[in-house]
1. Per residue of the chain, what 222 nm ellipticity follows from adding -39500 (n - 2.57) for every DSSP H run with n ≥ 4, rounded to the nearest 500?
2. Write down the accessible area per residue of the stretch 21-119 in Å², having rolled a 1.4 Å probe over the full set of protein chains.
3. What is the chain's relative contact order, in percent, from Cα pairs under 8 angstrom and six or more apart in sequence?
4. Using the crude model of +1 on Lys and Arg Cβ and -1 on Asp and Glu Cβ, and no other charge, please compute the dipole size for the stretch 135-237 relative to its Cα centre, in debye to 20.
5. Which is farthest toward the positive dipole end of the chain among Gly232, Ser161, Leu269, measuring Cα position about the Cα centre, with Cβ charges +1 (Lys, Arg) and -1 (Asp, Glu)?
6. Determine the share of the stretch 73-129's accessible area contributed by carbon and sulfur atoms, expressed in whole percent, with a 1.4 angstrom probe.
7. Where Lys and Arg each count +1 and Asp and Glu each count -1, what net charge lies around Ile250 among other residues with Cβ under 9 Å from its Cβ?
8. Of Leu28, Thr13, Ala91, which is farthest towards the positive pole of the stretch 4-101's charge dipole, taken about the Cα centre with +1 and -1 on the beta-carbons of Lys, Arg and Asp, Glu respectively?
Amino acid sequence: MSVLTPGTLRTRTPEDTWAALQPELRRLGISRVARLTGLDYLGIPVWTAVRPAARTLVTSQGKGATDLHARISAVLEAAELYHAEQAIAPAARGTHRELQRRYPMSALPVKVWHPALLDVPLEWVVGRGLVTQEEVLVPADLLRRELHHDAARPEVFAVTSNGLACGNSRAEATLHALLETVERDVLHRDWKSGGRRRTLVAPASVTDPYCADLIQRFHGAGMWLELVHVGGPYGITVFAAYIWSEDYPIVFAGSGCHNLPEIALSRALTEAAQSRLTCIAGTRDDLDSHEAAFAAQPGRPELADLPVGTWADFAGLAVDLEPTVPGLLRETVTQVTGLTGHEPITVNLWHSEAYAAVKVVAPGLEMRITRSIPRTRERHG
């Protein structure tokens, strides 16, 4: 079963999802799930889940079309980090040269590539190829999220939460994780190209009801809004959204990737709102306080000097008229494998009747290792 609601495609209704997640909160260390929406005047639902004993981030934010969607999103975000923080028992120890011939070491997110990395002893865990369904070893360090790295282990990889996801089912979690790796890769390619893959989207041309409502919320609040389509080689839609207001003179960004363009755009819009509200709430000590911007009072930004398109140019990109989670997963796996030459690999972190957690490793996909979503003001090159 696949349930399409504004902004998301899931395998359960939101009501059934919340009923399944509620009994899991204590085990996940979540002490509170709180509504942040009212701290801003946009009215776009944003919630936070608090894990006081977290080894990484104590608060995780979630957004969605309704309070229930946002509450679920916050809990699943917290669950992702919880599972990445847990001790991972390695299945093997050895070098890439000894243990792994399915993909080159250079196709993984190494900090600095050097042939000597082939002979660095690593711990490995078992994943499963999304094409062959065969067991594949992946470095355990790609899954670990730690505040304090073990000095005895070499820091070979640039480890991020990229490809980490939870969902109602393993297929749902895997689809979300894989789409995230595609999104980061597309943004990385665009950044390297100097923004040559970007096209402005005229907000007034957006006809999807949910996305149009989100846009109206920004414009109704007098905010500056920039929508961008970022082209990629996968045939999967990626959008970025940037917002700014006089009362908080910082450009906040959000991005979204999905086989269905309306979901990709809604994710970009709601993530931009979530980024702003997270800073308003002040619950993340790792984020900038923006004191300099408030002191300088910068002027309203100008739209990027890019070609302009309309929603109709991108809304027809979806192929599956009756989308299902398994169908979109197969489609995405095929596109990624065909482009990179390497099948994506999923590692199961948790699976129960309540939810599933996975980490997807996609050899050959890249990402820019910074927190912000890059904004290109004009095309270069």
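1. Per the formula, -9500 deg cm²/dmol.
2. Using a 1.4 Å probe on heavy atoms only, each residue of the stretch 21-119 averages 48 Å².
3. Relative contact order comes out at 20 percent.
4. Details: 11 positive and 13 negative charges, 65 e Å.
In total the dipole reaches around 300 debye.
5. Ser161
6. Values: 1510 of 2740 Å².
Roughly 55 percent, rounded to a whole number.
7. Details: positive: Arg276; negative: Asp288.
Local charge sum for Ile250: 0.
8. Ala91
The values are calculated or read from the model by the stated rules, or taken from the named source; none is laboratory data. Note that the structure is predicted; figures quoted are calculated from it, not measured. Counting neighbours? That spans all protein chains shown, and the Cβs are built from the backbone with ideal geometry, glycine included. Surface accessibility is based on the protein's heavy atoms, side chains included, excluding ligands, DNA and RNA. Shrake-Rupley method; radii C 1.70, N 1.55, O 1.52, S 1.80 Å.
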